[in-house]
Every structure is written in C-alpha cells, then in structure tokens.
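Input: a single structure, listed below in structure tokens.
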Amino acid sequence: MRNQPLPDLPRRILMGPGPSDVHPRVLAALAQPTIGHLDPAFVARMDDIKSLLRYAFRTQNDMTIPVSAPGSAGMECCFVNLIEPGDTVIVCSNGVFGGRMRENVERCGAKAVMVEDAWGQAVDPGKVEAALRANPGAKALAFVHAETSTGVQSDAATLCGLARAAGALSIVDTVTGLAGIPVEVDAWGADAVYSGTQKCLSCPPGLSPVTFSPRAVETVKGRKTKVQSWFLDLSLVMAYWGDKGGGARTYHHTAPVNALYGLHEALIMLQEEGLEASWKRHAHLHSALVAGFEAMGLSMKVDAAIRLPQLNAVKIPAGVDEAAVRRQLLSVSNLEIGAGLGAWAGKVWRIGLMGQSASPMHVLTCLSAIESALQSAGASIAIGKAQPTARKVLGL
Ligand SMILES: *Cc1c(COP(=O)(O)O)cnc(C)c1O
C-alpha cells in the first residue's frame with residue numbers, strides 16, 4: 001500500500017495524438033468538492049456546460065451533451081441511437097477511425113457500404129456522391145472530419161451537404177477537430193457530431209461531447225426497435241441531461257461530477273480565448289512547427305492543403321530507430337510524441353499541437369528535442385536551423 005499523499009508520476013509535455021496538456025485551472029476545477037449529481041447547484045452547472053458546448057460546436061441543437069465516457073462512446077452513441085437493424089450506412093474510410101465506424105454499423109445489425117480513400121488523402125466527395133446515388137435508401141453517411149491517424153482534414157461542409165441532398169443523415173467524427181479547426185455544426189447541416197475532451201479541449205480523457213440535430217432527434221424518436229445499448233440510449237440519458245421545464249432531472253447513471261467540472265472550466269477558457277482565436281492559434285503554431293522541421297531537413301507526409309494543424313505527420317529520416325528516438329524524447333525531455341499507426345507505423349511521427357499543447361514553448365521545445373535526438377541517432381539533418389526559423393514565424 002502506498003503511503004504518499006499523491007503518486008509520484010512524471011510531469012510530461014504531451015505532444016502526441018492526445019491526451020494534450022491540461023491547464024492548471026482545469027486540474028484545480030477537477031479538485032472542487034464533489035456534490036450530488038442531482039444537486040441544484042450541479043444542475044445549474046450542467047446547463048452551463050450544455051450552452052458552452054453549443055458555443056464550441058456552433059449549434060443551436062437542444063440535444064447537446066457530454067456522454068459520460070471517452071470519444072469512442074460518443075461514436076457509439078451516434079450509431080446506436082440512429083441506426084437500426086437492416087439500415088444501410090455509407091462509411092468513409094481514410095485512416096483508422098473509419099474502420100471503427102464500420103464496426104459500429106455492423107454491430108447495429110446494419111450494412112456498411114465503404115467509401116475508401118488512401119491514408120493521407122481526404123475523403124473524396126465524388127466517391128461519396130456516387131455511393132449515395134448507388135444506395136438511394138441509405139440511412140446515413142458517416143465520416144471522420146479530422147483523421148488523427150494521418151493528420152488529414154476532410155471537407156465536412158461538402159460531405160454533410162451531399163448527405164442532406166440525398167435524404168441521408170450525416171454522422172461526423174470531430175474528436176480531434178473541435179476547438180482546433182472550424183467546426184460549424186449548424187452551417188454544415190450536420191446531424192450527429194461527436195468529439196472528445198482530451199484533444200483540442202485539453203481536458204483529461206473520459207468525456208465525449210455530442211450534438212444531435214432536430215432531424216436526428218426525430219429519427220431517434222421514430223425508431224422501430226429499442227436502442228441496443230441501455231447506457232447510451234439518448235431517450236433515457238435525456239431524462240437526466242434534458243430540461244423538462246423547471247429543471248427536473250431523473251437519475252439515469254451517476255454523472256462523473258468532477259470530470260464535468262473540468263470540462264466546464266476548459267470550455268470557459270475556450271470562450272475567454274474565443275473560438276476563432278483558438279483556430280488561429282492552432283494554425284499559427286502549426287506553420288511554425290512545419291517551418292522548423294523543413295529547416296531541419298525533414299518533410300511532412302500530408303499535402304499542405306489538407307493538413308490538420310493540430311496533428312502533424314512528419315516523415316522519419318531513413319535509418320533512424322524511431323522507437324529509440326521516442327524513448328529518448330520521453331526520458332531526456334519528458335516529451336511525448338505519437339508513433340505512426342497501421343500502414344504508417346515506422347514511417348511517421350504524429351506530433352500533436354492540441355489545445356494547451358499548441359503554444360510557442362511546445363513548438364520550440366519539440367523542435368530542439370527532436371533535433372538533438374536525431375543528431376545523436378546519427379541522422380543527416382541540418383543543425384541549428386529549426387529554432388531560428390520557427391522563431392521567425394512566431395515573431396520571437
Ligand atoms: C481519439 C479519437 C477517437 C476516440 O476517442 P477516445 O477518447 O480515445 O475513445 C475517435 N476518433 C478520432 C478521430 C480520434 O482522434
């Protein structure tokens with residue numbers, strides 16, 4: 001048994017694909033006194049969270065709540081509530097997460113029609129249009145807005161528009177997108193959109209903001225079968241999160257009260273900064289990081305036009321033991337970056353500039369740590385160029 005008051009975990013600089021660094025204000029909020037999940041003071045906090053999430057998602061949707069589990073549960077929540085056995089869903093795949101959407105569709109007893117694009121490419125709207133035409137009764141189109149496995153952004157406005165024109169619902173994964181790049185739920189006409197807390201919102205992992213359009217809510221209400229998941233059934237969850245006049249709430253599950261304090265504080269911080277300012281900050285720091293890498297002689301894996309600022313796939317120079325470099329970054333610099341996944345394992349590092357981890361300090365620390373790790377690994381890179389180049393972009 002441990003007798004220290006706190007575990008002696010290391011302090012890391014988190015620049016992987018999530019979690020990102022958590023601001024001390026959010027950590028302090030997590031430590032506020034636990035109160036009952038039906039306490040009127042907590043119910044008021046829930047209402048604040050819902051309205052702050054509407055701000056972050058740019059939506060007026062009533063059904064906008066944090067699911068009490070990580071991003072994967074937000075994904076599952078969207079599928080199990082909207083999809084019924086026998087439905088057809090067009091699922092776009094251009095990385096890891098499209099494959100998980102397919103799993104969800106099939107586990108709902110529905111048929112997934114896959115639209116495949118290569119890793120590193122955006123979802124091709126032409127292929128989506130053809131798939132919608134070839135499957136006229138499709139219930140929904142599902143795609144990933146910000147593909148964390150590759151660092152690619154797809155054109156959500158166009159894809160949601162295609163779904164709407166075909167009479168299909170749109171299901172959008174913006175776990176990595178929210179607060180890092182424009183997410184415009186109402187302007188896109190998106191129907192079910194989910195995110196996560198540990199990426200650009202910079203909260204600890206464990207919650208998943210979701211929003212459902214009125215059309216999606218009608219679809220849930222008109223279901224012929226029960227939602228297969230009792231825990232994620234929105235018609236039950238809304239008895240707790242919904243507002244049935246007078247703020248009456250009924251018990252469904254015990255909400256993670258302290259985790260929600262943390263989300264509330266992170267959303268307040270986002271509002272203080274301003275959503276557009278947050279998007280700009282991510283874009284600006286991304287350009288400094290890329291300029292630094294290129295000055296070092298490294299190159300980016302994804303075309304500039306479709307890069308996500310918050311997830312940077314940088315090519316690993318030939319002959320470098322990439323896992324050894326990451327181990328050195330962690331042990332010497334306390335810096336965590338991400339490995340490549342799937343087809344890109346061993347080929348790229350994934351460097352996150354998410355939320356609190358999108359700062360000049362993070363960019364400069366990362367460039368200098370990678371430069372020295374690569375130098376000691378014997379890679380042929382330009383020494384001493386990355387810092388001044390990045391500083392120039394940052395105006396420092
Ligand atoms: C991180 C992520 C998820 C899953 O979120 P978890 O919180 O890990 O469950 C889903 N989709 C995308 C695009 C992600 O980046």
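The values are calculated or read from the model by the stated rules, or taken from the named source; none is laboratory data. On a predicted model such as this, the values are computed, not experimentally measured, just so you know. Cβ: placed from backbone, ideal geometry, glycine included. Neighbour counts: every protein chain shown.
Miscellaneous remarks
- Tally of residues being within 12 Å of the ligand (Cβ to nearest atom) and outside any loop (DSSP other than H, G, I, E, B) across the range 173-189: 1
- The range 309-325 - residue that is within 28 Å of residue 279 (Cα to Cα) and out of contact with any Ser or Thr (no Cβ under 7 Å at 6 or more places or on another chain) and, of those, surrounded by the fewest Cβ atoms within 10 Å (Cβ to Cβ): 316
- Pair list, Cβ under 8 Å, 6 or more apart: the range 9-28 residue at pLDDT 95 or above, other residue of a type in the set (Ser, Thr, Tyr) and more than 16 Å from the ligand (Cβ to nearest atom): 13/333; 13/365
Condition check ((1) away from the ligand (no atom under 16 Å from the Cβ); (2) outside any loop (DSSP other than H, G, I, E, B)) across all residues:
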| site | (1), (2) |
| --- | --- |
| 200 | no, no |
| 209 | no, yes |
| 220 | yes, yes |
| 230 | yes, no |
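- Check on residue 147, within 16 Å of the ligand (Cβ to nearest atom), more than 20 Å from residue 216 (Cβ to Cβ), without any contact (Cβ under 8 Å) to a residue 12 or more places away in the chain and in the same structural domain as residue 225 (by TED's automatic domain parsing): no
- So residue 165, is it away from the ligand (no atom under 16 Å from the Cβ), closer than 28 Å to residue 304 by Cβ and out of contact with any Lys or Arg (no Cβ under 9 Å at 6 or more places or on another chain): no
- Screening the candidates 156, 112 for the property of being more than 15 Å from the ligand (Cβ to nearest atom) and out of contact with any Pro (no Cβ under 7 Å at 6 or more places or on another chain) yields one hit, 112.
- Among the residues of the range 29-40, just one is at pLDDT below 95 and in a helix (DSSP H, G or I), namely 40.
- Scope the range 346-396; condition free of Cβ contacts under 8 Å to residues at least 60 places away in the same chain and of a type in the set (S, T, N, Q); matching residues: 368, 372, 375, 376
- In the range 46-101, the qualifying residues are those that are hydroxyl-bearing (Ser, Thr, Tyr) and within 16 Å of the ligand (Cβ to nearest atom), and the one that is surrounded by the most Cβ atoms within 10 Å (Cβ to Cβ) is 93.
- Residue in the range 326-334 that is over 16 Å from the mean Cα position of the chain (by Cα) and more than 19 Å from residue 378 (Cα to Cα) present: yes
- Among the residues of the range 232-251, the ones that are surrounded by fewer than 17 Cβ atoms within 10 Å (Cβ to Cβ) and part of a helix (DSSP H, G or I) come to 3 in all.
- Filter pass, residue 141 being within 12 Å of the ligand (Cβ to nearest atom) and buried (at least 24 other Cβ atoms within 10 Å of the Cβ): no
- The range 108-130 residues that are at pLDDT 95 or above, paired with ones that are in a helix (DSSP H, G or I) and of a type in the set (Ser, Thr, Tyr) (beta carbon under 7 Å, 6 or more apart): 125/158
- Single residue of 206, 222, 189 found to be more than 18 Å from residue 153 (Cβ to Cβ), within 23 Å of the chain's Cα centre (by Cα) and without any contact (Cβ under 8 Å) to a residue 60 or more places away in the chain: 189
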